């Protein structure tokens, strides 16, 4: 049985990850789920969160995904993300600023964030902050 599979994480503007991995943990709308080589086929909706994957050298990597879909096959997983960014590429200060702007909108203060989108923006900002901090470890 194969121990690796191909992971492809793509956002509308770029390919974020294209490599062989041994496992992933993804933020599904019903909770986080894991995938290993040989997994049964499934399509899952994703919510904003942290995608964790282990490469062939057993190193862990983190990617922020802002929702989307995962298509799982026995030898390949494709993540079609609304937005995605490797944790090592996230600027923590920008993510913290986005969180503060979303919180202002929730409090009814003047901000560039629409109050109806503020809850989702908080979730996205918190996920980006988690990803950035995981990359610092």
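Bear in mind these aren't lab numbers, they're just calculated from the coordinates by the rules spelled out. Everything quoted here is computed from the prediction, not taken from an experiment.
Over the chain, DSSP H runs of length four or greater, each weighted -39,500 (n - 2.57), average out per residue to a 222 nm ellipticity of -8500 deg cm²/dmol. Extents of the range 90-136, taken as max minus min of Cα coordinates on every principal axis and listed largest first, are 33, 16, 12 Å. Can you give me the C-alpha center-to-center distance between the range 1-57 and the range 104-137, rounded to a whole angstrom? Cα centres, the range 1-57 to the range 104-137: 24 Å. If the chain linking residue 82 and residue 42 were pulled fully straight, counting 0.36 nm for each residue of separation and taking away their Cα-Cα distance, it would gain 12.5 nm. Between helix 92-107 and the chain there is an angle of about 50 degrees, using the helix long axis and the longest principal axis of the Cα atoms. Put simply, the convex hull of the Cα atoms in the chain casts, on average, a shadow of 8.5 nm². Over 17 Å apart: what share of the alpha carbon pairs of the range 1-53 falls there, rounded to a whole percent? Here the long-distance tail beyond 17 Å is 39 percent of all Cα pairs in the range 1-53.
Over the chain, what relative contact order in percent results from Cα pairs under 8 Å that are six or more residues apart? Can you show the working numbers first?
Working: 312 pairs, mean separation 30.6, N = 137.
Worked out over the chain, it gives 22 percent.
Against the main long axis of the alpha-carbon atoms of the chain, helix 118-136 sits at an angle near 60°.
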